[in-house]
Amino acid sequence: MAYTKQINQQRYEWFSDRVGKIVFRTKGTCNCKDCFESYKEGILIDDVEHASYLHDIENELGLRYFDTEKERDEFEIKNK
C-alpha cells in the first residue's frame, strides 16, 4: 500500500512540475473530436489545479501522460 501511495505522489509531482508545458496522453476509449485532438496535439497544463485534474483523470480512466509524443507512442506499442 505504501508503494502505491509513493507512486501516486510521484505522478502528482510529475504533473505539477509540468505546469505551463504540453503533455501527451495515451488513447482512451472516447473518440470524440476533443479527445482525438488532445491525443494528437497534446494538452497544455494551465495551472496546479489543471495538473491535479489530469492526475485524477489518469487514475480514473487508465490513461498515461508523457512529455513527448515519442514516449507515448513507444509506450502504446509496448503495451498493446
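Since every read-out is calculated from the coordinates, none of them should be taken as a lab result. Note that this is a predicted model, so its numbers are computed, not measured. Note that we place each Cβ from the backbone using ideal geometry, even for glycine, and neighbour counts take in every protein chain shown.
Work from the charge dipole of the chain (Cβ charges, +1 for Lys and Arg, -1 for Asp and Glu, about the Cα centre) and give the residue of Ile45, Thr26, Ile57 farthest towards its positive end.
Thr26
Under 24 Å between C-alpha atoms is the cut-off here; go through the chain and count lysine pairs that meet it, provided they're at least eight residues apart or on different chains.
Here the count comes out as 14.
Taking neighbour counts of Cβ atoms within 10 Å as a proxy for exposure, in what order, fewest first, do Phe66, Phe75 appear?
With the fewest neighbours first, Phe66, Phe75 line up as Phe75, Phe66.
Let me spell out the model: positive unit charges on the Cβ of Lys and Arg, negative unit charges on the Cβ of Asp and Glu, origin at the Cα centre of the chain. What dipole size does that give, in debye rounded to 20?
The dipole magnitude comes to about 360 debye.
Return Thr68, Thr26 ranked ascending by Cβ neighbour count within 10 Å, so the fewest neighbours appear first.
Thr68, Thr26
When only alpha-carbon atoms count, how far does the chain stretch along each of its three principal axes, as whole angstroms with the largest first?
For the chain, the Cα extents along the three principal axes come out at 35, 29, 21 Å.
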